[in-house]
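Okay, structure first, notes after.
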Amino acid sequence: MRYFILSDIHSNVEALEACIQRAKEAGYEGVLCCGDLVGYGPNPVEAIDIMRTLNAVTIRGNHDRVAAGLDEAAQFNSHARRAVYWTRAVLPQPYREYLGSLPVGPLDIDEDAQLVHGAITDEDDYIFTEADANENFPLAKKHLTFFGHSHFPVVFSADGAGNSILATSYEFDEFVAVKCESGKKLFVNPGSVGQPRDGDPRASFAIWDQDRARIEFYRVEYDVTRTQQKMREAQLPAYLIERLAHGR
Ligand code: ZN
């Protein structure tokens with residue numbers, strides 16, 4: 001089985017469609033999403049429609065929770081807050097209800113894997129560093145934890161005793177692969193589809209190949225200027241429009 005793994009789509013359908021196209025070429029059978037379908041970007045309705053068409057197993061992110069009306073944006077910075085309230089205002093009620101119905105992580109996928117938005121400690125916590133990962137490793141009941149929220153494609157790895165160790169990775173022409181070695185726990189962030197922040201503006205996703213026991217990381221170009229134009233028309237914050245070009 002090959003799973004298409006995505007996170008932090010943030011209403012960016014140009015990026016989402018480019019990822020789907022590339023994932024189809026690479027081949028997959030199932031779809032898993034670590035949350036934040038909406039927020040920041042200009043096409044929340046369309047992003048939700050596409051994810052539902054894909055039959056993605058999806059948990060909610062912090063932006064989904066606020067856009068659904070389950071929470072307010074008190075913890076958000078001013079740009080994110082403006083965008084999430086714009087999102088809530090343009091989403092028809094059934095779409096807000098759909099977001100509100102998404103499960104909260106950790107969500108078990110099978111005996112090996114689970115999904116969380118930010119971290120196991122809390123859906124709003126970030127895993128940026130090895131120290132953050134080390135707080136979460138003892139809580140992980142699965143070999144594989146897929147997470148998002150930070151918008152950085154990354155892998156943290158620990159041995160059976162919970163000591164962090166380097167994951168084995170290979171670089172191919174089309175993708176970078178990280179080996180899922182037995183006895184190791186892996187925390188895997190596929191990166192952000194709709195708003196990468198690692199300095200590479202290309203959309204990011206991963207494929208988990210169970211038979212080959214590896215995670216493949218992909219980056220794909222998409223029409224950033226088109227997304228930016230739609231954001232301008234929606235009068236979304238200039239800072240959010242600008243950052244898409246830089247992947248920061
Ligand atoms: Zn996000």
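The values are calculated or read from the model by the stated rules, or taken from the named source; none is laboratory data. Computed from a predicted model, the values in this text were never measured in an experiment. Positions of Cβ are generated from backbone atoms using ideal geometry, with glycine treated the same way; all protein chains shown enter the neighbour counts. Surface areas here come from the heavy atoms of the whole protein model, side chains and all, with no ligands, DNA or RNA. Shrake-Rupley method; radii C 1.70, N 1.55, O 1.52, S 1.80 Å.
May I ask you to list the residues in segment 64-88 that are open to solvent by 10 Å² or more (accessible area, probe 1.4 Å), more than 21 Å from ARG226 (Cβ to Cβ) and touching a helix residue (DSSP H, G or I) at 6+ places or on another chain (Cβ under 7 Å)? Once the filter is applied, which keeps residues that are open to solvent by 10 Å² or more (accessible area, probe 1.4 Å), more than 21 Å from ARG226 (Cβ to Cβ) and touching a helix residue (DSSP H, G or I) at 6+ places or on another chain (Cβ under 7 Å), segment 64-88 yields ALA68, GLY69, LEU70, ASP71, GLU72, PHE76, ARG88. From the list ASP8, ASP64, ASP36, ASP49, the lone residue that is touching a Cys at 6+ places or on another chain (Cβ under 8 Å), of a type in the set (Asp, Glu) and either in contact (Cβ under 8 Å) with a residue 24 or more places away in the chain or more than 15 Å from the ligand (Cβ to nearest atom) (or both) is ASP8. Here TYR95 fits the description: away from the ligand (no atom under 16 Å from the Cβ), without any contact (Cβ under 8 Å) to a residue 60 or more places away in the chain and in a helix (DSSP H, G or I).
For segment 192-222, taking the residues that are of a type in the set (Ser, Thr, Tyr) and assigned to a loop (DSSP other than H, G, I, E, B), the one that is surrounded by the fewest Cβ atoms within 10 Å (Cβ to Cβ) is identified as TYR222. Residues in segment 223-248 that are within 29 Å of GLU171 (Cβ to Cβ), of a type outside the set (D, E, K, R) and open to solvent by 30 Å² or more (accessible area, probe 1.4 Å): ALA245, HIS246. Filtered by the rule that a residue be more than 16 Å from the ligand (Cβ to nearest atom), among the β-branched types (Val, Ile, Thr) and either farther than 20 Å from GLY191 by Cβ or in a loop (DSSP other than H, G, I, E, B) (or both), segment 117-170 gives ILE120, THR121, THR129, ILE165, THR168.
Of all residues in segment 14-32, those that are more than 16 Å from VAL57 (Cβ to Cβ) have Cβ atoms under 9 Å from Cβ atoms of residues that are among the hydroxyl-bearing types (Ser, Thr, Tyr) and in a helix (DSSP H, G or I), 6 or more apart or on another chain, in GLU14/THR227; ALA15/THR227.
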